[in-house]
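A.B. asks: Handing you a structure now.
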């Protein structure tokens, strides 16, 4: 079977030099025309001309038998001359026509164009039937109208046409007529320029701006001419006598048949078969498909019988071509574009990783089209065989196949396919056989390659990917002696075909091979550019995309291959000298393949990137290649690795606050447990990126980022900035050097320039020489939201605050210490006043300060605080607004308020009052001092306690040393230590809320604070006090022990005109006359108290205020109001006022403080006793003592006991009441008065006899005693919480008794009213 | 005997790859990767009739140096074996045997309760067995 044995010695040059990779089966039926641009300039106008010419790729010819034939032409740009040599083997390889297109501006250029045209003609002269030249001349400006027709073109065309006219005389006229017209039209340009004499082709002249509308018709005419020549050749061939034909040879066969007997039967058959095959080729070209088919069949049989493998293959291929022309005419109109689009569309870049889906859809699509076209064909075939004439409609109605029957030519006009056509599924088999036949000849390698490509294209059209793969794989085996560029071209074409069937991986494989071939070692001119673009093209096959984000998203493919590919791409880019691209790809590699690399690789790559970027810095902008490919930016998002990003609030003193506005009344329900829509809760989760606080326009804001450097060396990150969207944001660059593997905090700052919503997207870095935009949304694997939204409010003014006081060394420990901007400290003695000037400067350069609100917070009680600090708010408000950079001042008054009175144990009095009501006033101090140690102290604040302890200390000293108040003197306890311990620290914050400008209208303000540190030093202190009756009944003496706790001499002014000097740490006693508390006040207090008690009882409060409490309070405030003690430290101008606020009075004291309800009127010896008057009587003489009592109060007094007692005062603290032997009273000395109504008077008379002379004193007092039944009523009205049942029973009773009990509250207390001063009687001897 | 044995997951991500020659590993990877297209095509064809599904896919393609054979499990895990082209002595039956052994080894490896399907195979035992299989001593 193998004829190759004979042919093996054939030299290589007779093989075709280069395969035509673009060929497909349908090109067998085309006439080959070389379309070539000549001359130097290739203006756009030529491109348009090219397109116009190309568009005329088929003509319709009605032949002599009246059959319409469609003749197809193939325009090519280049054609190796040696391909013509294969013209006998396959006629479509012959170049039949030549069209040159050129542009000239002057005569010399035109001459050059003509020369080139002629040289081309000579080159392809052996096969050329006809040629045309199309010339574009310069724009005409002044056209001369004289006509001098240039006849050369016509003359030249004449001989060729004559040859043709032998066959078709009718055509000559057809051709000539248009030529005449042409000349008319082109006459103008031809006037100006003349073609050289040796130019013997027909030329068409156009001006550049011409529409050259007739170009297409002219080209059509030219093609007609070609056809008729071909047709003549075909007829010539068909009329040859079978026994006289010469042997047709493929170029390499020429020497094989030398000396062989050509007349042998075998060779005769061979000759006939080959001619038949040749005729079939011509018929196919001439549009006679039926004839061609049967001729191919015959030739195939004939040749096979003589074992002429090469030509058998050719005839088989011819059969396939002919069938393909009939079956797949759509291949012609859009060579391989129908199907590929289909593949490409679905198979594009990303979806390869879901092969099932893609495969399915593709398969389905393709299969339907395929099967339908198959079925339509087969149905046609069958219908043809059954000789029915109607199936035309069915064919045209099959929408998927684009077979348009009209093109088929004469016989197929009714849509019937010839019976001997190859079935679609047979075509690949025939091709396979043809290829096997070709493969026997080394010199037919090009033919074989081309056949394989044609077969591939048919298989693609038939959607048989496995066959495609098979044919393509086969191409690789063909041992073709070809140049490197051709080899590369082969890979590229294979790539393209694989892509068309969706074998992306295979395509990528070959694309990469092609890329490598381009720059193979030893290659003379490595084409890095090509290599680069091919490698880029193979990205999809490896599931890489140019966009790093897409790659990261997909995270598919073979990492090792991807890394390798990108690395070779990088080196290609580097060799290309395009360092920007190299940097970009390196960045891409680091970004996308970070996780697929080992630690050493990572650091190696990082170093490489650093080296690359040294040549060209990387930046996050898309790069556009020459071919228009856009390389999207790559960012080193995770280098350094961001662990955390925290949006920081503004510093506390600059933080914007809402100005509180009185809330609109939202009804009585402030809180509802019902969530009306669950959307609320979801919103909370969703808005994790929403920042709760606000930023302020034009103010510096901060974002803190925690970064980790994953590389083993120091990483310098420069120019870090925040990336934002939304409002204009000015970001400040930050530079940081990160140590390996150590998380580092970095603060990024920026200033929003507008108000609105700021969208923080991430940050930009500049590291390893690459600028990157690291967006949060691209940081995977961390719990970071895609962005942060911060609301920016309008600009707020800023203020600076100064005080006139010195600053403190330490800041306060109070709450909200973070808003403190400045501090002030002040030391004051208790009772001293001072002031502090606070200066507010508006620091903002454009905003006025329009709103200031001041309040003070401190660690003391609100009440005391109000006493200590005072601000004239109105004066402050009057100064507003403050212009930009202006300042205002206001004054803060500070008064060192303190307790000057040593606190008396308040709890003692009500409990023990009964006891000391009964006892004499002289016992008072004794009781109080002795009871003190065991008293519960009222505990408030630590300093207070300290204060008290000190007091207790001093008091106990007092009580220990002195029994009587008269001898009281204060011992300086612990000298200086006690003074220090006694000082009180007050911390306060003067909080300023301020605002201005737009932010004020928007309702925002800022808050800042001045921290005050007050140290209150003890000055004067009242250590103990008592109340003494004064000379006048309307007054009493308040006797105070005042100690000077300062270290300086103190001058004390205690009444209007009395001053006393107290040495440091000394104390002294001063009496101060005070007006008694009037009865009206007492009554008012009582009424208030009754009302309050009533209310309490109604509310079932367990504790009732006792009247005495209210009264004692009343008296205390009375004293505090009346008595002001001014002190001054001598030698300085430090002065202050000590108040007696908080003085606690015992029950007995209260009686003295208030105006007595009883008015005394006592007469002795019938003379009214005046205070301090001397009364004299003699021994043994009876003397009348008359006492008149008047009830001045508003209530009746009950159970009064009037007692008269005489005693002798030894003036040494001893009083002798045992005077039974010295004085006698006739009449009762105790008188009980059960009730004394309002304004009622009672008189008691008795007579006194003194037995011995001397000085006697009489104590006359009136005491009340609470009654038993009253007590019980009290217990009723104060029911304990436990016996509620009893309460219910008793309640009506207690209420009914209420009035009575209220009225008799006064009697519940034991009172003693004395007549003061005691009566002094001097008894003399008679 | 075999140049390279590869196990490829159903999403076409490599699960395991062993080569006899480390220098050429990348090249072989490229070849194996390129073979996947044909594997997919063949799987697609086999899909129509699941009962008659043949796990052994046969020769995928061959180059000057290699013959590449494919095998797909029912869970769509692909095995690819690259065999020296020059080794004519190797019969198709032997290739089938290699795949059968490989399938068994893979099943054993995947039965490891600590193996998460879809992850790379890192079992030492599997590795050892594969190396043995490649040298033809299995």
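A.B. asks: Checking residue A:468 against (1) touching a residue at least 60 places away in the same chain (Cβ under 8 Å); (2) farther than 20 Å from residue A:18 by Cα; (3) crowded, with 19+ Cβ neighbours inside 10 Å, which single condition isn't satisfied?
C.D. replies: Only one criterion in (1) touching a residue at least 60 places away in the same chain (Cβ under 8 Å); (2) farther than 20 Å from residue A:18 by Cα; (3) crowded, with 19+ Cβ neighbours inside 10 Å is unmet by residue A:468, namely (1).
A.B. asks: Determine which member of the set A:1061, A:1000 is surrounded by fewer than 16 Cβ atoms within 10 Å (Cβ to Cβ), modelled with pLDDT of 80 or more and in contact with a strand residue (DSSP E or B) (Cβ under 6 Å, 6 or more places away or on another chain).
C.D. replies: A:1061
A.B. asks: For the stretch A:561-577, enumerate the residues that are at negative phi and free of Cβ contacts under 8 Å to residues at least 12 places away in the same chain.
C.D. replies: A:564, A:571
To keep it simple, each residue is scored yes or no on (1) modelled with pLDDT under 75; (2) outside the structural domain of residue A:831 (by TED's automatic domain parsing); (3) buried (at least 20 other Cβ atoms within 10 Å of the Cβ); (4) on the phi > 0 side of the Ramachandran plot.
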site	(1), (2), (3), (4)
A:1089	yes, yes, yes, no
A:1093	yes, yes, yes, no
A:1101	yes, yes, no, no
A:1106	yes, yes, no, no
A:1111	yes, yes, yes, no
A:1119	no, yes, yes, no
A:1129	no, yes, yes, no
A:1134	no, yes, no, no
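A.B. asks: Since residue B:103 meets every condition but one in (1) under 18 Å from residue B:131 (Cα atoms); (2) out of contact with any strand residue (DSSP E or B) (no Cβ under 9 Å at 6 or more places or on another chain); (3) more than 14 Å from chain A (Cβ to nearest Cβ), which condition does it not meet?
C.D. replies: Result: residue B:103 fails condition (2) only.
A.B. asks: Okay, next question. What single numbered condition from (1) in contact (Cβ under 8 Å) with a residue 12 or more places away in the chain; (2) in contact with a strand residue (DSSP E or B) (Cβ under 9 Å, 6 or more places away or on another chain) fails to hold for residue A:90?
C.D. replies: Of (1) in contact (Cβ under 8 Å) with a residue 12 or more places away in the chain; (2) in contact with a strand residue (DSSP E or B) (Cβ under 9 Å, 6 or more places away or on another chain), only one is false for residue A:90: (2).
A.B. asks: Exactly one condition in (1) within 14 Å of chain A (Cβ to nearest Cβ); (2) buried (at least 20 other Cβ atoms within 10 Å of the Cβ); (3) in contact with a strand residue (DSSP E or B) (Cβ under 7 Å, 6 or more places away or on another chain) is not met by residue B:30; state its number.
C.D. replies: (3)
A.B. asks: Are any of the residues in the stretch B:3-21 more than 7 Å from chain A (Cβ to nearest Cβ), over 15 Å from the mean Cα position of the chain (by Cα) and either in a strand (DSSP E or B) or within 23 Å of residue A:538 (Cα to Cα) (or both)?
C.D. replies: no
A.B. asks: Among the candidates A:455, A:444, which residue alone is crowded, with 21+ Cβ neighbours inside 10 Å, more than 27 Å from residue A:533 (Cβ to Cβ), out of contact with any strand residue (DSSP E or B) (no Cβ under 7 Å at 6 or more places or on another chain) and modelled with pLDDT of 85 or more?
C.D. replies: Working: A:444 fails: modelled with pLDDT of 85 or more.
The conditions single out A:455.
A.B. asks: Please note which strands (runs of 3 or more DSSP E) are completely contained in the stretch A:1212-1326 and include at least 3 residues that are touching a strand residue (DSSP E or B) at 6+ places or on another chain (Cβ under 7 Å), within 30 Å of residue A:1112 (Cα to Cα) and modelled with pLDDT under 80.
C.D. replies: Because the criterion is at least 3 residues that are touching a strand residue (DSSP E or B) at 6+ places or on another chain (Cβ under 7 Å), within 30 Å of residue A:1112 (Cα to Cα) and modelled with pLDDT under 80, the strands (runs of 3 or more DSSP E) in the stretch A:1212-1326 that meet it are A:1312-1314.
A.B. asks: Taking helices (runs of 4 or more DSSP H) that fall entirely within the stretch A:453-533, which contain at least 2 residues that are more than 10 Å from every other protein chain (Cβ to nearest Cβ) and over 25 Å from residue A:433 (Cα atoms)?
C.D. replies: Output list reads A:484-500, A:504-518.
A.B. asks: Now, a different point. Only one of A:81, A:61 is modelled with pLDDT of 80 or more and over 28 Å from residue A:476 (Cα atoms); which?
C.D. replies: Working: A:81 fails: over 28 Å from residue A:476 (Cα atoms).
Going through A:81, A:61 in turn, just one is modelled with pLDDT of 80 or more and over 28 Å from residue A:476 (Cα atoms): A:61.
A.B. asks: Using beta carbons and a limit of 9 Å, which pairs, at least six apart or on different chains, have the first residue in the stretch A:438-450 and assigned by TED's automatic domain parsing to the domain that holds residue A:91 and the second one at pLDDT 85 or above?
C.D. replies: Every condition considered, no pair remains.
A.B. asks: Go through the stretch A:1161-1201 and give me each residue that's part of a strand (DSSP E or B) and more than 30 Å from residue A:1326 (Cβ to Cβ).
C.D. replies: A:1189, A:1190, A:1191, A:1197, A:1198, A:1199, A:1200, A:1201
The values are calculated or read from the model by the stated rules, or taken from the named source; none is laboratory data. Model, not experiment: these values are computed from the prediction. Backbone-built Cβ (ideal geometry, glycine too); neighbour counts: all protein chains shown.
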